[in-house]
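Q: Below you will find the structure I want to go over with you.
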Amino acid sequence: MQRGKFLKATLIAAVAAVALLGAQPSSAKTFTWANDGDVNSMDPYARNETFLLSFMANIYEPLARRNRDLKLEPALAEKWTQVNPTLWRFNLRHNVKFQGGEPFTADDVVFSYARAMGKGSNVSGNFTSVKDVRKVDDFTVEIDTKYPDPLLVDKLAQIGIMSKIWAEKHNATSTADMTKNEENFATRNANGTGPFVVVSREPDVKTVLEPNKGWWDKPEHNLTKVVFQRIANDATRVAALLSGEIDMIYTVPPQDTDRIAKTPGRRIIQGPETRVVFLGFNQQAPELPESNIKGKNPFKDKRVREAFYRAIDVEAIKRTVMRGQSQPTALMIGQGLNGYMKDLDVRPKYDPVLSKKLLAEAGYPNGFETGMDCPNDRYVKDAAICQAVVSMLAKIGVKVNLLAQTRSKYFAKILRTSSDIEKSPNTSFYMLGWSPGATYDVHNVFESLIQTPSAKTGKGLFNAGGYSNPKFDALADKIEQETDIAKRNEMIKEATKIYLNDYAYIPLHQQVLVWAAKDTVDLFQPADNYFPLRFVKVK
């Protein structure tokens with residue numbers, strides 16, 4: 001009898017809840033979306049990683065932003081001019097407020113850039129050319145560079161501006177170093193000038209946003225609430241979309257693409273992505289941290305690196321792991337980006353027999369043992385790719401001990417900050433992916449991934465294995481400043497040949513960008529895999 005009363009009361013409550021939902025304005029649009037990994041911090045400088053930068057770009061804004069054509073347009077700066085080859089002037093937008101009510105002024109720009117260049121920041125690589133940032137007046141900022149940097153504004157387009165008043169009030173004037181598992185107030189809270197405001201945050205579970213009613217720009221979206229959920233399991237994530245529980249999936253498992261596309265009311269949004277996924281070696285340490293070889297580092301020998309390269313069958317990975325959703329490449333820059341050299345995009349032949357011979361010549365006729373670091377929630381089928389690599393290398397006698405972890409633990413292990421950039425790497429062999437989203441230019445790849453890690457210059461910040469070639473470094477520095485396109489392209493070709501000849505890395509493929517959504521969702525998919533919520537409409 002009690003059970004019957006309970007069911008009746010529950011039914012009445014449910015009906016009342018439905019009635020309340022029905023009473024909501026018809027224009028109210030909640031957009032719910034999911035990814036396999038979470039945004040690991042609310043701090044826009046915590047990690048130079050596309051998903052974090054993309055998510056936080058909905059909350060924090062730069063001086064110049066990208067439009068639908070990925071061209072620069074004014075944001076918090078109304079205009080900018082290059083006064084002379086090493087001096088830039090930015091005229092800031094008036095009457096802009098942060099979401100907490102603080103006025104936006106030049107003080108915030110100077111503070112933000114100092115913070116982005118400072119302790120704990122993972123985006124300091126965007127400022128390698130910067131000599132000084134100064135306030136001229138409340139709405140004018142000037143930046144001096146050490147040398148001519150024609151890509152400066154492109155780099156700054158990735159740096160959201162924070163409130164100096166807010167950061168000082170909450171003791172968040174520096175970035176919490178994620179490589180050391182540090183946190184501060186800005187790790188879990190946010191206060192930008194952008195189109196959306198963080199309402200609630202449950203790390204690794206759910207983050208809720210609402211429109212910024214005081215945003216300076218005119219909204220193109222029609223959203224009243226945005227709910228982001230982390231759903232790590234592929235099958236669960238897809239089921240949530242097909243059942244209607246969520247509106248959009250940011251990372252679609254390749255094996256489910258056809259099924260989603262054939263489901264009424266659902267669609268696949270697909271295009272080429274600028275990211276290249278690759279494997280890197282620890283070439284810096286005198287001895288690998290995770291190997292049975294003691295007293296020396298096998299990866300310092302070019303023959304060993306070439307042996308690994310030729311033992312990996314990228315076509316098999318494309319066919320069996322990626323289900324055709326990848327474009328194998330020999331280069332560290334993807335097609336469609338400035339500096340891509342089609343004539344050099346030729347992979348050395350897959351040849352495990354030659355790999356064994358090269359290992360024997362290098363003094364490892366029976367192979368050796370090494371660790372390998374890989375994320376399991378960052379790139380499309382990342383852990384599965386690494387498992388395939390482990391199997392392929394086993395065929396040439398190399399035992400690989402794979403450690404596949406969630407992105408927060410993985411990045412904390414393999415990456416270094418500007419303050420410890422020259423320390424011996426914590427990894428032996430690793431997977432990483434890179435898209436030069438700041439500039440869409442190959443120099444971003446050269447400076448971030450291939451130049452020698454240097455605390456003095458800030459270059460090589462994401463060169464996690466410490467590859468170093470002085471001739472390459474000199475060319476990359478010249479490329480950064482060269483404005484003659486023909487001369488610059490010749491230098492890019494020469495630099496590309498250097499890292500290819502060194503077998504500095506093992507590029508695997510350029511990802512295919514695949515999202516999935518309900519037919520009722522209108523969104524914009526840029527090639528850099530950013531997801532600007534300001535363009536989303538729910539019908």
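The values are calculated or read from the model by the stated rules, or taken from the named source; none is laboratory data. Small disclaimer: the values here were computed from a predicted structure and weren't measured. FYI the Cβ positions are ideal-geometry reconstructions off the backbone, even for glycines, and counts take in every protein chain you see. Only protein heavy atoms, including side chains, enter the accessible area calculation; ligands, DNA and RNA are left aside. Shrake-Rupley method; radii C 1.70, N 1.55, O 1.52, S 1.80 Å.
Q: Assuming R65 fulfils every condition listed in (1) farther than 20 Å from A190 by Cα; (2) at pLDDT 95 or above apart from one, which condition is it?
A: Tallying (1) farther than 20 Å from A190 by Cα; (2) at pLDDT 95 or above, R65 fails exactly one: (1).
Q: Looking at the stretch 281-329 only, could you name the residues that are among the charged types (D, E, K, R) and in a helix (DSSP H, G or I)?
A: K300, K302, R303, R305, E306, R310, E315, K318, R319
Q: Here's a follow-up. What are the residues in the stretch 30-64 that are assigned to a strand (DSSP E or B), surrounded by 23 or more Cβ atoms within 10 Å (Cβ to Cβ) and among the small types (G, A, S), if any?
A: A34 - this is the single residue of the stretch 30-64 that is assigned to a strand (DSSP E or B), surrounded by 23 or more Cβ atoms within 10 Å (Cβ to Cβ) and among the small types (G, A, S).
Q: Could you tell me which of the residues V512, V536 is touching a His at 6+ places or on another chain (Cβ under 7 Å), closer than 19 Å to L70 by Cα and either open to solvent by 10 Å² or more (accessible area, probe 1.4 Å) or at pLDDT 95 or above (or both)?
A: V536
Q: Could you check the stretch 389-399 and list, in sequence order, the residues that are touching a residue at least 24 places away in the same chain (Cβ under 8 Å) and either in contact with a Gly (Cβ under 9 Å, 6 or more places away or on another chain) or surrounded by fewer than 18 Cβ atoms within 10 Å (Cβ to Cβ) (or both)?
A: Those that are touching a residue at least 24 places away in the same chain (Cβ under 8 Å) and either in contact with a Gly (Cβ under 9 Å, 6 or more places away or on another chain) or surrounded by fewer than 18 Cβ atoms within 10 Å (Cβ to Cβ) (or both): L393, K395, I396, G397, V398, K399.
Q: Another question about this same structure. Could you please tell me which pairs satisfy a Cβ distance under 6 Å, a separation of 6+ or placement on different chains, a first residue in the stretch 226-242 that is without any contact (Cβ under 8 Å) to a residue 40 or more places away in the chain, and a second residue that is surrounded by fewer than 18 Cβ atoms within 10 Å (Cβ to Cβ)?
A: Final answer for the pair search is L242/T263.
Q: Go through the stretch 517-533 residue by residue and tally those that are in a strand (DSSP E or B), open to solvent by 20 Å² or more (accessible area, probe 1.4 Å) and touching a Leu at 6+ places or on another chain (Cβ under 9 Å).
A: Of the residues in that region, 1 qualify.
Q: Quick check, is A486 open to solvent by 60 Å² or more (accessible area, probe 1.4 Å) and over 26 Å from the mean Cα position of the chain (by Cα)?
A: Taking the combined requirement at face value, the residue satisfies it.
Q: Looking at K79, K97, K131, K71, which is the one that is modelled with pLDDT under 95, open to solvent by 40 Å² or more (accessible area, probe 1.4 Å) and of a type outside the set (A, V, I, L, M)?
A: None of the other options fit; the residue is K71.
Q: Any residue at all in the stretch 243-250 that's polar (S, T, N, Q), farther than 26 Å from A384 by Cα and in a helix (DSSP H, G or I)?
A: Yes: one or more hits.
Q: Taking only the stretch 167-191 into account, find how many residues are within 20 Å of the chain's Cα centre (by Cα) and closer than 20 Å to T224 by Cα.
A: Total satisfying the criteria: 1.
Q: Kindly establish whether K423 is farther than 30 Å from F531 by Cα, over 15 Å from the mean Cα position of the chain (by Cα) and modelled with pLDDT under 95.
A: yes
Q: What about Q270, is it open to solvent by 50 Å² or more (accessible area, probe 1.4 Å), part of a strand (DSSP E or B), touching a residue at least 12 places away in the same chain (Cβ under 8 Å) and not basic (K, R)?
A: So Q270 fits the description; yes.
Q: Could you list, in sequence order, all residues of the stretch 97-110 that are under 29 Å from the mean Cα position of the chain (by Cα) and either part of a helix (DSSP H, G or I) or closer than 16 Å to K135 by Cβ (or both)?
A: F104, T105, A106, D107, D108, V109, V110, listed by residue number.
Q: Touching a residue at least 24 places away in the same chain (Cβ under 8 Å) and either closer than 23 Å to L52 by Cβ or open to solvent by 10 Å² or more (accessible area, probe 1.4 Å) (or both), is that true of P148?
A: Yes, satisfied.
Q: Test M178 against the stated conditions and say whether it is modelled with pLDDT under 95, among the hydrophobic types (A, V, I, L, M, F, W, C) and crowded, with 17+ Cβ neighbours inside 10 Å.
A: The answer is yes for M178.
Q: Oh, and also: In the stretch 419-442, which residue that is open to solvent by 30 Å² or more (accessible area, probe 1.4 Å) and among the polar types (S, T, N, Q) is farthest from E49 (Cα to Cα)?
A: Going through the qualifying residues, I end up with S424.
Q: Then there is this: Checking V514 against (1) within 24 Å of the chain's Cα centre (by Cα); (2) in a helix (DSSP H, G or I); (3) among the hydrophobic types (A, V, I, L, M, F, W, C), which single condition isn't satisfied?
A: Failed condition: (2).
Q: I'd like the full set of residues that are under 25 Å from P298 (Cβ atoms) and either open to solvent by less than 20 Å² (accessible area, probe 1.4 Å) or at pLDDT below 95 (or both), limited to the stretch 462-483.
A: F462, N463, A464, G465, G466, Y467, F472
Q: Which residue pairs have Cβ atoms under 8 Å apart, sit 6 or more places apart or on different chains, and have a first residue in the stretch 100-128 that is closer than 20 Å to G460 by Cα and basic (K, R) and a second that is modelled with pLDDT under 95 and open to solvent by 20 Å² or more (accessible area, probe 1.4 Å)?
A: These pairs meet every condition: K119/S419.
Q: Of everything in the stretch 329-353 that's among the acidic types (D, E) and free of Cβ contacts under 8 Å to residues at least 40 places away in the same chain, which residue is nearest to D484 (Cα to Cα)?
A: Ranking the qualifying residues of the stretch 329-353, first place goes to D343.
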